[in-house]
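All remarks here apply to the structure that follows.
The values are calculated or read from the model by the stated rules, or taken from the named source; none is laboratory data. Worth saying up front: this structure is predicted, and the values here are computed from it rather than measured. Neighbour counts are summed over all protein chains in view; Cβ atoms, including those assigned to glycine, are modelled from backbone coordinates with ideal geometry. Heavy atoms of the whole protein, side chains included, go into the accessibility calculation; ligands, DNA and RNA do not. Shrake-Rupley method; radii C 1.70, N 1.55, O 1.52, S 1.80 Å.
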Amino acid sequence: MNEMSSENLQSPDSLKPVNHDIGAGRGVFISTYGCQMNVNDSERMYSILEMSNFMPVESAEEASLIIINSCSVREKPVHKVYSEVGTYRELKKKNPDLLIGVGGCVGQQEKEKLIKTQPLIDFVFGTDAIDELPQTLQTLLGRQSKKEKVVNAQFHHREPYHVDTLVRNPGVSTFVNITKGCDNFCTFCVVPFTRGREKSRPFQHIMTDIHSLVKRGVKEVTLVGQNVNSYKSDCGIDFPDLLKKVALETGLERLRFTTSHPKDYNQKLMDVLALCQHKLCDYVHLPFQSGNTRILERMNRGYTREEYLEKIRQIKATIPNVVLSTDIIVGFPGETEEEFLDTVSMVKEVGFETIFAFKYSPRPFTKAARFEDQIDEVTKSRRLNHLFDVHNKLSFEWVKKYEGQTLQILVDKAEGENKLSGRSTQNKVTYFEGPESLVGQTVPVKIHKALPNVLRGVIEQ
Ligand code: SF4
């Protein structure tokens, strides 16, 4: 195997110029797993590949280039990548020129191992190598033998972090990336190893991107990053400053952000939430991971149960109708039954309308993977089911409050004849009837049916 290893790859500036027709109209299909960062990255890949004359297609069967944009935050998605690659065996037999690549966190984490264990894969690229996709493909398309593979998974330590927002059809609502990577090293999390150390985009670049999205008709932006509230720009602007400027100076109707870390949720940020509430929506996603202080310490989260609850009290005082959601891990190494019940009581006490809860799974390179007191799968599953049971019952009750209320819905989609959907400021997906011409507008909708994940209503005349 003539492998171009990460060590041998040069920086994009010193790579050969790219032939802008390398795609020659070939179809590209990207299969995406994971978080909003990955959804955003896939959009970016499509845009970059379109510039090199690849044509996005709707299915793997139509493609000459398949990319799996993977996630390794949990164990299952890694297995998913392996099994998805297997499903392309027949396609590759029919079309030996079909190129298959794996990017995202699994690409970053597994690198050459993927190529060695999965001969169907032609190339692997890391989270810092998206912009170099044309060069990677140019190298592949010029190879002498199909046995030659390409691996480009080197971290770039260039500062500042440059990544223009490339979205093909931004629609009404889209994501804008503001940070990359993370320095927190929570003991369960692979992100610092797959996305690298934290970097922030220059402030002016973010503003320019958002101004141009507003001109293209975007009404709502979600600022994304692994840890947005530790944003620190080149010119001394921190996250609350950024939020205020974007909320007040860009003409956006709504602004959201995810994910934030409780330890960086400070008073300055609360003050901006209060000042810009008309734009900032009454929805906050704040992962707590565990309701028990001993486990939080072992997770290296940097806050106690009480400190987290104090932040929640401040948020509720700042945004009276705030809707809260969170991320939770159950079955972290050493978690006792009592400590798990602290997590359950936290869910009840705070009243999270939405929870994203997962069983702990050991990730490569992480400290917690080496802890000796791992919890067995049966216990983890039982705890997760219990948590969901408790939450489901409560959330059915909590959302009843929406019935009879009139919410302002930003219409983002026409879903068939006279059927519309959009989101409330609390981030509730809402379905109702109305003409397609309302897409992009904010309309008052009276809710008549509220379920935990969706609301149904009618436009109020
Ligand atoms: S804050 Fe912790 S959980 Fe979040 S990305 Fe960083 S290391 Fe991972």
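Points worth noting:
- The chain: antiparallel DSSP beta bridges as a percent of all, rounded to 5: 35 percent
- Here the chain exposes an accessible surface that is 51 percent carbon and sulfur, computed with a 1.4 Å probe and the other protein chains kept in place.
- Region 382-461 and region 301-329 have their alpha-carbon centroids 23 Å apart.
- Gain on full stretching of the segment that runs from Arg294 to Asp21 - 0.36 nm per residue minus C-alpha separation: 92.6 nm
- Sites Lys147 and Glu58 - FRET efficiency at Förster radius 30 Å, r taken between beta-carbons, to 0.05: 0.45
- Within region 298-393, the GluC sites (Glu not before Pro) that combine a DSSP coil assignment with at most 13 other C-beta atoms in a 10 angstrom radius are Glu372.
- Dipole of the chain [Lys/Arg +1, Asp/Glu -1 at C-beta], most positive-end residue of Gln441, Ile355, Thr425: Ile355
- Heavy atoms of Leu286 accessible to a 1.4 Å probe, total area in Å² rounded to 10: 0 Å²
- When Lys146, Lys279, Lys393, Lys94 are compared by accessible area of protein heavy atoms, the largest-first order is Lys94, Lys393, Lys146, Lys279, using a 1.4 Å probe.
- Solvent-accessible area of Val124, all protein chains in place: 0 Å² (probe radius 1.4 Å, heavy atoms, ligands and nucleic acids excluded).
- Taking amide hydrogens as placed 1.01 Å from N in the peptide plane, the amide H of Ile375 sits under 5 Å from those of Gly334, each at least 5 positions away in sequence or on another chain.
- Listed residues Leu49, Ala129, Leu140: farthest to the positive end of the dipole of region 6-152 (Cβ charges): Leu140
- Distance violations [Cα-Cα > 27 Å] among Lys244/Lys419; Lys94/Lys147; Lys348/Lys400: Lys244/Lys419
- Think of it this way: in the chain, Cys35, Cys71, Cys105, Cys182, Cys235, Cys276, Cys281 stand alone, with no other Cys Cβ under 4.7 Å.
- Relative to the Cα centre, the charge distribution of the chain, modelled as +1 at Lys and Arg Cβ and -1 at Asp and Glu Cβ, gives a dipole magnitude of about 220 debye.
- Taken along the Cα-to-beta-carbon direction at a fixed 7 Å, the label points for Gln314 and Asp373 span 3.1 nm.
- Dipole of the chain, positive direction: furthest Cα of Leu243, Ala450, Ser200, with charges on the beta-carbon: Ala450
- Among the listed pairs Lys401/Lys428; Lys268/Lys393; Lys393/Lys413; Lys380/Lys401; Lys215/Lys245, those whose Cα-Cα separation exceeds 24 Å are Lys268/Lys393; Lys393/Lys413; Lys380/Lys401.
- Cβ-derived FRET efficiency at R0 41 Å, Leu394 paired with Lys93, nearest 0.05: 0.20
- Eligible lysines near Lys199 by straight Cα distance, threshold 19 Å, same-chain separation 8 or greater: Lys180, Lys232, Lys263
- Counting only protein heavy atoms and a 1.4 Å probe, region 158-281 has 37 square angstrom of accessible area per residue.
- The GluC sites (Glu not before Pro) found in region 420-461 that occupy coil by DSSP, while having at most 12 further C-beta atoms within 10 Å, are Glu460.
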